[in-house]
Amino acid sequence: MTAPENSRTKQALSKAILHTANCLFTEHGVESVSMHQIAKSVGIGQGTLYRRYSNKGDLCMDMMKENFDIFISEIDEYLESAVQHSVQERLSSVMRKIIAFIDKESRWLGVMQSFNKMENQKPDFFQSPPYLYLHSVLKNLFIEALEKNEITSIDPCYAAHSFISIQSPHTFKQLRMVMGYSCEEIQDRFCLTFIDPLFR
């Protein structure tokens, strides 16, 4: 075991691995970076890295979890600071943030899918913490809008689910890579199509 491995706590080492992998993936692309390159850049042996992550798919999954925790904090901070803003403005801002997050994190999704495609049992996204958190945030905004008579009668639970489902990675990839929309264009068109009409 090398000196850098001895001198780091497990938590600090995990953070170093994720930070280094994030930087390498951003600079060179996920597919071009090897596990050996990540281990060497962190200053650890490959065995140490593989004991934590069996492949890049696992590493990307952990990276997305950490990034989502940061994203949750940003959403919470925004909603707390924007409490005086209209529900429409807050709903639009939250959806713009969700779309931007998907755009930023989409680079990991292909790698995760390629390593996990042979698994028979995949986790149910609709039971996952990211879905449950976003569904709660959106549902509460719809409920507030209804209580303030700002929108026509809708089912907040159904509407929240639909808003999240529309942003599936496959749909987003089609819009971005095949149809050529920019992230900003997708944000604008979502608000124009699905949010603005509710408040008219």
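The values are calculated or read from the model by the stated rules, or taken from the named source; none is laboratory data. Note that the structure is predicted; figures quoted are calculated from it, not measured. Heads up, the Cβs are rebuilt from the backbone with ideal geometry, glycines too, and the neighbour counts pull from every protein chain shown. For the accessible areas, the whole protein counts, side chains as well, though only heavy atoms, and no ligand, DNA or RNA atoms are used. Shrake-Rupley method; radii C 1.70, N 1.55, O 1.52, S 1.80 Å.
Could you pull out the residue among T48, T20, T26 that is polar (S, T, N, Q) and either surrounded by fewer than 16 Cβ atoms within 10 Å (Cβ to Cβ) or closer than 20 Å to S106 by Cβ (or both)?
Sole residue among the options that is polar (S, T, N, Q) and either surrounded by fewer than 16 Cβ atoms within 10 Å (Cβ to Cβ) or closer than 20 Å to S106 by Cβ (or both): T26.
Name every residue in the range 41-98 that is farther than 30 Å from E147 by Cα and among the small types (G, A, S), in order of residue number.
Within the range 41-98, S41, G43, G45, G47, S54, G57 meet the criteria.
Go over the candidates I44, I70 one by one and state the one that is modelled with pLDDT under 95 and not in a helix (DSSP H, G or I).
Residue meeting the stated conditions: I44.
Quick check: anything in the range 131-153 surrounded by fewer than 13 Cβ atoms within 10 Å (Cβ to Cβ), at pLDDT 85 or above, more than 22 Å from the chain's Cα centre (by Cα) and assigned to a helix (DSSP H, G or I)?
Yes, some residue in the range 131-153 is surrounded by fewer than 13 Cβ atoms within 10 Å (Cβ to Cβ), at pLDDT 85 or above, more than 22 Å from the chain's Cα centre (by Cα) and assigned to a helix (DSSP H, G or I).
Any residue in the range 10-35 that's under 18 Å from Q46 (Cα atoms) and at pLDDT 85 or above: show its pairings with residues that are surrounded by 12 or more Cβ atoms within 10 Å (Cβ to Cβ) and of a type in the set (S, T, Y) at Cβ separation under 6 Å, as long as the two are six or more apart or on different chains.
Going by the 6 Å Cβ cut-off, the qualifying pairs are T20/S41.
May I ask you to verify whether S92 is closer than 29 Å to C191 by Cβ and either of a type in the set (D, E, K, R) or buried (at least 17 other Cβ atoms within 10 Å of the Cβ) (or both)?
Considered against the rule, which asks whether it is closer than 29 Å to C191 by Cβ and either of a type in the set (D, E, K, R) or buried (at least 17 other Cβ atoms within 10 Å of the Cβ) (or both), S92 comes out as yes.
Which condition from (1) within 18 Å of the chain's Cα centre (by Cα); (2) open to solvent by 40 Å² or more (accessible area, probe 1.4 Å); (3) at pLDDT below 95 is the one that F172 breaks?
(2)
Taking the stated definitions as given, is S86 out of contact with any Gly (no Cβ under 8 Å at 6 or more places or on another chain), modelled with pLDDT of 85 or more and open to solvent by 30 Å² or more (accessible area, probe 1.4 Å)?
Yes.
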